[in-house]
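Structure first, commentary second.
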Amino acid sequence: MTQLSEVVGDYLDTEENEETNLWILKPWNMARGLGLDITNNLSEIVRQHDNPVPKIAQRYLVSPCLYNGKKFDLRYIVLVRRTEPNLLALVYNMFWTRLANKKYDLDNLDDYECQFTVMNYSKYEMTQLDYKSFIHNMEKQHNIKWDQVQKDINAAMKKVLVAAASTPEPLGLAGRDTSKFDAFSVFGFDIMLTDDFKPVVIETNFSPDCTRACQYDPEFVNNIFSVVDGRFGSTEQGLKAFTPL
């Protein structure tokens with residue numbers, strides 16, 4: 001935690017305003033829902049400064065959009081073709097939904113199946129839901145048009161990449177010497193929605209697990225490599241699976 005004073009200030013301001021003051025602590029370099037803690041205890045947050053594994057303290061989203069009363073997040077795959085001189089990134093149109101197993105309840109912060117959505121790496125049952133069914137049901141449940149929500153999600157992901165592309169390594173992607181090879185990167189973006197359908201980028205992973213992407217779309221790998229190199233297939237056909245950011 002390199003912004004300890006800012007975190008403490010935000011915490012105390014929230015307390016003074018008598019708002020829900022929950023924070024999630026997550027290891028900076030782990031995935032699959034490992035090492036996560038939810039707390040409203042300032043002392044516990046401050047102690048993370050001395051933790052041998054650095055942790056990120058992030059305000060907990062207490063009013064998320066729900067699907068049948070349950071929390072969910074959305075995993076998007078983003079292909080970054082280049083960062084200089086201008087960012088070129090595309091998001092795969094197919095995404096997948098990760099659902100909590102139990103209905104959302106702030107009184108059950110210690111119940112993993114209530115608060116978290118990553119079930120496929122644990123002993124818990126995992127709910128499978130394809131993205132087209134999810135969109136249809138969301139529009140029906142919440143009386144919304146998904147197209148606008150998707151545009152907002154794409155804009156949020158692009159902001160992250162633009163910021164990364166303008167920041168030198170190791171914090172960002174700028175300054176890489178790519179002159180000797182034609183490189184690309186694949187990132188996994190985890191998105192949650194607020195109760196008024198605004199996107200929140202929960203985290204971004206490099207070299208994401210694409211097992212479910214391959215299960216849901218047998219052409220996933222072909223589309224990725226066709227866009228990168230036409231020798232793998234029709235670039236034009238591969239591009240149909242993406243939307244530019």
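In whole angstrom, note down how far apart the Cα centers of region 84-126 and region 174-240 are.
17 Å
Through the Karplus equation 6.51 cos²θ - 1.76 cosθ + 1.60, θ set to phi - 60°, convert the phi angles of region 89-103 into ³J(HN,Hα) values in whole Hz; use x for Gly and Pro.
9, 9, 9, 6, 5, 7, 10, 10, 9, 10, 10, 5, 8, 10, 5
Could you tell me which of ALA57, ASN137, MET192 has its Cα farthest along the dipole of the chain towards the positive end, charges placed at Cβ (Lys, Arg +1; Asp, Glu -1), taken about the Cα centre?
ASN137
Which loop-located trypsin sites (Lys or Arg not before Pro) does region 130-163 contain, where loop means any DSSP state but H, G, I, E or B and the Cβ has at most 15 other Cβ atoms within 10 Å?
Values: sites: LYS132, LYS140, LYS145, LYS151, LYS158, LYS159; in loops: LYS145.
Here the sparse-neighbourhood loop sites are LYS145.
May I ask for the Kirkwood hydrodynamic radius of the chain, worked out over all distinct Cα pairs and given in angstroms to one decimal? Mind showing how you got there, number by number?
Values: mean 1/r = 0.0507 Å⁻¹.
Final number for the Kirkwood radius of the chain is 19.7 Å.
With the cut-off at 26 Å, tell me which of the pairs LYS158/LYS198; LYS26/LYS132; LYS71/LYS158; LYS140/LYS198; LYS102/LYS159 have Cα atoms farther apart than that. Numbers along the way, then the final one.
On the way: LYS158/LYS198 15 Å; LYS26/LYS132 31 Å; LYS71/LYS158 24 Å; LYS140/LYS198 18 Å; LYS102/LYS159 32 Å.
From the list (LYS158/LYS198; LYS26/LYS132; LYS71/LYS158; LYS140/LYS198; LYS102/LYS159), the Cα-Cα distance tops 26 Å for LYS26/LYS132; LYS102/LYS159.
Using only helices, what value at 222 nm comes out for the chain when you add -39,500 (n - 2.57) per DSSP H run of length 4 or more and divide by the total residues, to the nearest 500 deg cm²/dmol?
Values: 8 runs with 75 residues, N = 245.
About -9000 deg cm²/dmol.
Could you state the per residue volume, in Å³, of the convex hull enclosing the Cα atoms of region 3-59? Mind showing how you got there, number by number?
Values: hull volume 4.0 nm³, N = 57.
Convex hull of Cα atoms, per residue: 71 Å³.
Indicate, rounded to the nearest 5 percent, the antiparallel portion of the DSSP beta bridges found entirely in the chain. Mind showing how you got there, number by number?
Details: 35 of 36 bridges.
So the antiparallel bridges amount to about 95 percent of the total.
From the residues VAL201, ALA100, PHE225, which one has its Cα farthest along the dipole of the chain in the positive direction, the dipole being from +1 and -1 charges on Cβ of Lys/Arg and Asp/Glu about the Cα centre?
Going by the charge dipole, the pick is PHE225.
At 37 °C and a viscosity of 0.692 mPa s, what translational diffusion coefficient does Stokes-Einstein give for region 182-237, taking Rh as the Kirkwood radius over Cα pairs? Give it in µm²/s as a whole number. Walk me through the numbers before you get to the answer.
On the way: Rh = 13.3 Å.
For the chosen part, D equals 247 µm²/s.
Work out the length of the dipole vector of the chain about its Cα centre, built from +1 on the beta-carbon of each Lys and Arg and -1 on the beta-carbon of each Asp and Glu, and round it to the nearest 20 debye.
Numbers: 26 positive and 34 negative charges, 213 e Å.
About 1020 debye.
So how strong a dipole does region 3-59 carry about its Cα centre when Lys and Arg Cβ are +1 and Asp and Glu Cβ are -1, to the nearest 20 debye? Intermediate values should be presented prior to the final figure.
Values: 5 positive and 10 negative charges, 110 e Å.
Once rounded to the nearest 20, the dipole reads 520 debye.
Could you give me the ³J(HN,Hα) list for region 229-245, computed from phi with Karplus coefficients 6.51, -1.76, 1.60 and θ = phi - 60°, whole Hz, x at Gly and Pro?
Karplus-based 3J(HN,Hα) across region 229-245 equals 8, x, 5, 8, x, 5, 4, 4, 5, x, 5, 5, 8, 10, 10, x, 9 Hz.
For region 134-245, what value does the Rg/Rh ratio take when both radii are computed over Cα atoms and Rh is the Kirkwood radius, given to two decimals? Display every interim value, and only then the final one.
On the way: Rg = 16.4 Å, Rh = 16.4 Å.
On the Cα set of region 134-245, Rg over Rh gives 1.00.
Quick note: the coordinates plus some simple rules give every number you see, no bench work behind them. Nothing here was measured: the structure is a model prediction, and the numbers come from that model. Neighbour counts run over all protein chains shown; Cβ positions are idealised from the backbone, glycine included.
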